[in-house]
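Heads up: the structure comes next, in structure tokens.
Values quoted throughout were computed directly from the atomic coordinates according to the rules given, and no laboratory measurement underlies them. Model, not experiment: these values are computed from the prediction. Note that we place each Cβ from the backbone using ideal geometry, even for glycine, and neighbour counts take in every protein chain shown.
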There are 2 protein chains.
Amino acid sequence: MNLVIIGTIGLDDIKTPFGEVESALGGSGVYASCAASFFSPSGLISVMGNDIPEEYLKLLNKRKVSLEGVSKLGKTFRWSGFYEFDMNEAKTLKTELNSLAGFKPDVPTDYKKAKFIFLANIDPDLQLEVLSQMEEKPFVVLDTKNYWITSKKDSLLKVIGKTDLFILNEGEARQLFETPNLIKAGKIALKLGPKYAIIKKGEHGALLFSDGKYFSAPGYPLEEVKDPTGAGDSFAGGLIGYLASKQVSNKLVSGKRVSFEELRRAVVYGSTIASFCAEDFSLNYLKNINSKKIEERYNIFQKIREF
Amino acid sequence: MNLVIIGTIGLDDIKTPFGEVESALGGSGVYASCAASFFSPSGLISVMGNDIPEEYLKLLNKRKVSLEGVSKLGKTFRWSGFYEFDMNEAKTLKTELNSLAGFKPDVPTDYKKAKFIFLANIDPDLQLEVLSQMEEKPFVVLDTKNYWITSKKDSLLKVIGKTDLFILNEGEARQLFETPNLIKAGKIALKLGPKYAIIKKGEHGALLFSDGKYFSAPGYPLEEVKDPTGAGDSFAGGLIGYLASKQVSNKLVSGKRVSFEELRRAVVYGSTIASFCAEDFSLNYLKNINSKKIEERYNIFQKIREF
């Protein structure tokens, strides 16, 4: 397995001004691995309950997501939330940890030599545990959430120190680095260890930082955002999926040698996948896209930036 | 005179987390005409009081701003305000209209055949009055402020209908068009008459809309924003100054034939000038830049969005 992803599997109740879903397939690991699948298969490390509908497992299977590293335990993690008119921020109504509470990740032997790993949003102690079980140091991409900045900052800083690419959003960057200026925040992020840092800005695109280098990706001009849930996970999943596919097709690009140029393209592929995700609830839109649609939208990203 | 600008001349008291100034030179007409001056001289239509310091007039003179259309009346318009930690929004402490209250614009004969006019932020009735005095229909660029959306919406809509390029910021677009989605807002703006619309997003750059066409300009990665006052006026001033300079150097580009391609470059030149403006209070930074610095920064704008 070339690409490994640790993250949650969840059942989501979501309401937005454009509709609502109940017990929809969700979770950071699900969004990320499905997003990655358009470029590369992946092995998911996660936990789910016995209540997970069969059709959801079929979907993951169809999307080339290996569930060898997924344990089954009690009831599935549940999240319920809503978005208001401006669609900017998810408001949480209820979180039931369920099987996540007793989750002890056990990395399958076949995953341990992966060249790429994505630590999607989950308890940073679990991210550290999975990293410690890997046998060759992979290219590590890390995502997190404001909740962990508040409740587990020490563990989070420890994971950041072991990360090659740290991804966080605008609000999290301002909170973690205590500055309103995102350019400053990006530079502080690099001082904590990662070679690369990305600040996601939702509709405004994303900023990529490396020592002395900088890239500003545009947002996709989406007129209809139905449900932004999972867009951030899809961004990172698409990005690392693209990088992992390059690794396979080009032996020269080892995980440790991901270039700034390659990463810029990966950011745009990630943005492309994220924009599809936001067009409908859960994986409803994402699951039906294909390479042709992805390339078309990638080309639009290029056109809207030309001057 | 090829380029005419109507806007305010003001004396500003401004406080930001990075310092403060008192009775500094400001006003939408001042920022816009100085910004334009790096590409093209302009004729300012405005009013000021007898209390305006001689050094400010010298500065405008040095920046090739003709004051033939500026009346002198009583005391100069004054604004005092401050910015908090996030520097996103100016909080007004006090506005003294003074000479602005009795201002009746009188367009000098030499200005009436201008090919380009910028209606900078000022009462939309004054913008309409100036437009009605022009003898040949110029390329009209319009800027406004949330204040006029609330207090003079009818007059504002009337000016928008006579405009070729309508510029407004993110918050104003959401307010005027009652949608959180900026892509939708841009399209609604075009329905009101203008061939082009621009939504300014501060640090996140700017969006340019035309029928079926779209351009997303990045923001300049500025680590130190000392004072954002006038950055929006400088953006528009730089943009129209650049367009007017093309008009002079290339007889084929008449005001009515500004192309989308030319406008994209104008947006980036405008963003370049605006980024200089924000680096210090009042015109302190802007007044000392030159073509070399502008081209250098324009090239950085090109590099940071390449992928």
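List of remarks:
- Inter-copy separations for A:Pro53, label at 7 Å along Cα-Cβ, nm, ascending: 7.0
- Residue exposure sequence - A:Thr179, B:Thr109 - by fewest surrounding Cβ within 10 Å: B:Thr109, A:Thr179
- In order along the stretch B:205-212, phi translates into HN-Hα couplings of x, 8, 10, 10, 10, 8, 3, x Hz, rounded to whole numbers, per the Karplus curve 6.51 cos²θ - 1.76 cosθ + 1.60 with θ = phi - 60° and x for Gly and Pro.
- Calculated FRET efficiency for the pair A:Gln175/A:Gln302, C-beta based, R₀ 30 Å, to 0.05: 0.35
- Entries of A:Lys226/B:Lys303; A:Lys94/A:Lys184; B:Lys158/B:Lys184; A:Lys62/A:Lys201; A:Lys91/A:Lys213 with Cα pairs more than 24 Å apart: A:Lys226/B:Lys303; A:Lys94/A:Lys184; A:Lys62/A:Lys201; A:Lys91/A:Lys213
- Cα pair count fraction exceeding 27 Å, expressed as % - chain A: 35
- Inter-copy label distances at A:Leu93, shortest first and taken from points set 7 Å along Cα to Cβ: 4.6 nm.
- Nearest-to-axis residue of chain A, judged by beta-carbon position, where the axis maps A onto B, in Å: A:His204, 2
- Counting from the shortest, the label point at B:Lys191, 7 Å from Cα toward Cβ, is 4.9 nm from the same position in each remaining copy.
- The trypsin sites (Lys or Arg not before Pro) of the stretch A:1-65 that DSSP puts in a loop, and whose beta carbon has at most 16 other beta carbons within 10 Å, are A:Lys64.
- Charge tally in the Cβ shell below 10 Å around B:Cys34, where Lys, Arg are +1 and Asp, Glu are -1, B:Cys34 excluded: +3
- Estimated purely from DSSP H runs of n ≥ 4, each contributing -39500 (n - 2.57), the mean residue ellipticity at 222 nm for chain B is -11000 deg cm²/dmol once divided by its residues.
- Formal net charge of residues neighbouring B:Ile199 (Cβ-Cβ distance under 9 Å; K, R +1; D, E -1): 0
- Label-to-label distance, nm, for residues given as A:Phe85 and A:Lys112 (7 Å Cα→Cβ offset): 5.6
- Across peptide A:220-228, the mean count of Cβ atoms from other chains lying within 10 Å of each residue's own Cβ comes to 3.
- Relative contact order %, the stretch A:20-77, counting alpha carbon pairs below 8 Å whose residues are six or more apart: 40
- Residues B:Val65, B:Val4, sorted so that the one with the fewest Cβ neighbours within 10 Å comes first: B:Val65, B:Val4
- Going from the fewest other Cβ atoms within 10 Å to the most, the residues A:Asp86, B:Asp164 appear in the order A:Asp86, B:Asp164.
- Centre-to-centre, using Cα atoms only, the stretch B:201-247 and the stretch A:260-298 are separated by 28 Å.
- Distance (nanometres) between label positions extended 7 Å along Cα→Cβ at A:Asp154 and A:Asp125: 1.1
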